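S.K.: Can you keep this structure in mind? I'll have questions shortly.
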Amino acid sequence: MDETSENPAKAALAATSWALLGMMSYEEEVSGYDLKKWIDWSVDLYYWSPSYSQIYTELKKLEGLGLVTSRVEHDEGTRSRRLYKITPAGMDAIIEWTNHAPVDPPVLKHSVLLRVTFGHLSNPGRLKEILQEHVAYAEARHRKAVEDADGAEVEPAWAYSVIALRWAAKYYAAEREFALELMKEIDEADGILQKAAKGGLGKPRPKPGYWREVEKQVQAKRESE
C-alpha cells in the first residue's frame, strides 16, 4: 500500500499542493511569493497558475500534514517573510505521487472553439477577430515558452523542466497554425450555413433530435470496426 492511500489527507490533496511540493523539491527554502513567480515562469505554460491565496492555503495545509516546515525570516529593517521547506516526509510523498498517482487525461477547455461551435449566432468577421486575437495570444505564449526554456538551460537540475517548456513552445506554435487554418475555413462554413433552410428565429435549424440519429450512426460505425 502506498503512502497516500495510507493517509487519506494526503490522497485528498489538491493539484496545487502537489505542484508546490514538486517546486519545493528543487530548493532549500522558498517563500509563497517566490513559488507563485516560479510557477508563472514554468508550470503556467502547460498546466495553470494558482492564485496567491490558493498557494498560501495549500502551504498551510501541507505544513499541518508535516510535509513542509516554515520559519519567519526578518531582514535588517521591519520587513519579514515566511520561508517554507519540504520535509523528508514531503519529499517521500511527492516522489510517490510523481511515480505512482493516477495521471489525469488532459482536458481541453477551448473557449475559442466554443465560440466557433456557436458561429451560427455570430458572423465570419467577428469569428475571425476572435481567432486573430487567439493567434496573438498563442504567439506570445510561444515566445515566453522559448525564452523561459532558454533561461532554464543554465541550471542542470532543471533539465526536465526545460524539455517540458520546449514541449509547451511546440504546442503554442501548433495552436497558432491551427487558428490560422481555422480562419480560412470560416467562409466555407458560412457558405454552407447561408444555403441551409431557415428555421426558428430566422436561423438554420437541424431536424429536432437529429443528433440522436447521428450518434447511433457513429456508434454503429465504431462497433463495426
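The values are calculated or read from the model by the stated rules, or taken from the named source; none is laboratory data. On a predicted model such as this, the values are computed, not experimentally measured, just so you know. Cβ atoms come from the backbone with ideal geometry, glycine included; neighbour counts cover every protein chain shown. Surface areas here come from the heavy atoms of the whole protein model, side chains and all, with no ligands, DNA or RNA. Shrake-Rupley method; radii C 1.70, N 1.55, O 1.52, S 1.80 Å.
S.K.: Please turn the phi angles of region 103-108 into ³J(HN,Hα) values with the Karplus equation 6.51 cos²θ - 1.76 cosθ + 1.60 (θ = phi - 60°), one per residue in order, whole Hz, x for glycine and proline.
M.R.: These are the phi-based 3J(HN,Hα) values: 9, 5, x, x, 10, 8 Hz.
S.K.: If you take the beta carbon distance between Glu188 and Ser53 as r and set R0 to 45 Å, what does 1/(1 + (r/R0)^6) give as a FRET efficiency, to the nearest 0.05? Walk me through the intermediate numbers first.
M.R.: Numbers: r = 46 Å, r/R0 = 1.02.
After rounding to 0.05, the efficiency reads 0.45.
S.K.: Now a separate question. Give me the extension gain from Val154 to Ala196: residue separation times 0.36 nm, minus the current Cα-Cα distance, reported in nm with one decimal.
M.R.: 9.3 nm
S.K.: Quick one: pull the percent of accessible area on the chain belonging to carbon and sulfur, 1.4 Å probe, ligands and nucleic acids left out. Please list the in-between numbers first.
M.R.: Details: 8470 of 15110 Å².
The C+S portion of the solvent-accessible surface of the chain is 56 percent.
S.K.: Residue farthest toward the positive end of the dipole of region 111-202, with Cβ of Lys/Arg at +1 and Asp/Glu at -1: which of Ala149, Ser111, Ile163?
M.R.: Farthest towards the positive pole: Ser111.
S.K.: For region 12-24, just list the computed ³J(HN,Hα) in residue order, Karplus coefficients 6.51, -1.76 and 1.60, θ = phi - 60°, integers in Hz, with x standing in for Gly and Pro.
M.R.: Karplus values, whole Hz, x for Gly and Pro: 8, 4, 6, 4, 4, 4, 5, 5, 5, 4, x, 5, 6.
S.K.: Which entries in the list Lys184/Lys216; Lys184/Lys221; Lys128/Lys203; Lys36/Lys61; Lys37/Lys128 go over 23 Å, if you measure between the two C-alpha atoms of each?
M.R.: Numbers: Lys184/Lys216 31 Å; Lys184/Lys221 30 Å; Lys128/Lys203 20 Å; Lys36/Lys61 17 Å; Lys37/Lys128 34 Å.
Violating the 23 Å limit, Cα to Cα: Lys184/Lys216; Lys184/Lys221; Lys37/Lys128.
S.K.: Another question, if that's okay. With every protein chain kept in place and ligands, DNA and RNA left out, what is the accessible area per residue of region 183-225? Probe 1.4 Å, answer in Å².
M.R.: It amounts to 92 Å² per residue over region 183-225.
S.K.: Starting from the Cα of Arg71, step 7 Å along the direction of its Cβ; do the same at Leu108; then give the gap between the two resulting points in nm.
M.R.: 4.9
S.K.: For the chain, take the alpha-carbon Rg, divide it by the Kirkwood Rh, and send me Rg/Rh. List each step's numbers first, then the result.
M.R.: Values: Rg = 24.1 Å, Rh = 21.7 Å.
Here the Rg-to-Rh quotient is 1.11.
S.K.: Build a GNM of the chain with springs between Cα atoms under 10 Å: which of His100, His142, His110 gets the top mean-square fluctuation?
M.R.: Greatest mean-square fluctuation among the candidates belongs to His110.
S.K.: Now a separate question. For helix 32-41, report the angle its Cα long axis makes with the longest principal axis of the Cα atoms of the chain; keep it between 0 and 90° and round to the nearest 10°.
M.R.: The angle comes out near 40 degrees.
S.K.: Identify which of Ile94, Ile163, Ile192 has the largest mean-square fluctuation in a Gaussian network model of the chain, with springs joining Cα atoms closer than 10 Å.
M.R.: Taking springs between Cα atoms under 10 Å, the residue moving most is Ile192.
S.K.: Given contacts defined as C-alpha pairs under 8 Å and at least six residues apart, what's the relative contact order of the chain, whole-number percent? Walk me through the numbers before you get to the answer.
M.R.: Numbers: 192 pairs, mean separation 37.7, N = 225.
Reported relative contact order: 17 percent.
S.K.: From the phi of every residue in region 201-210, what ³J(HN,Hα) in whole Hz does the Karplus formula 6.51 cos²θ - 1.76 cosθ + 1.60 yield, where θ is phi - 60° and glycine or proline is x?
M.R.: Taking θ as phi minus 60°, the curve returns 6, x, 10, x, 10, x, 4, x, x, 5 Hz for region 201-210.
S.K.: Output the direction-averaged projected area (hull surface divided by four) of the convex hull of the alpha-carbon atoms of region 60-191, in nm².
M.R.: Working: hull surface 53.7 nm².
Averaged projected hull area, Cα only: 13.4 nm².
S.K.: Then there is this: Simple spin-label model, 7 Å along Cα-to-Cβ: Ala173 to Ala101 in nm?
M.R.: 3.1
S.K.: In nanometres, what is the gap between the two model label sites at Lys128 and Glu181, each 7 Å from Cα along Cα-to-Cβ?
M.R.: Label-label distance for Lys128 and Glu181, simple model: 2.0 nm.
S.K.: Hey, how many Å between the Cα centroid of region 61-90 and the Cα centroid of region 158-225?
M.R.: Each part's Cα centre sits 48 Å from the other's.
S.K.: Same structure again: I'd like to check one number: the per residue accessible area of region 82-137, probe 1.4 Å, reported in Å² as a whole number.
M.R.: On the way: 3940 Å² over 56 residues.
Result: 70 Å² per residue.
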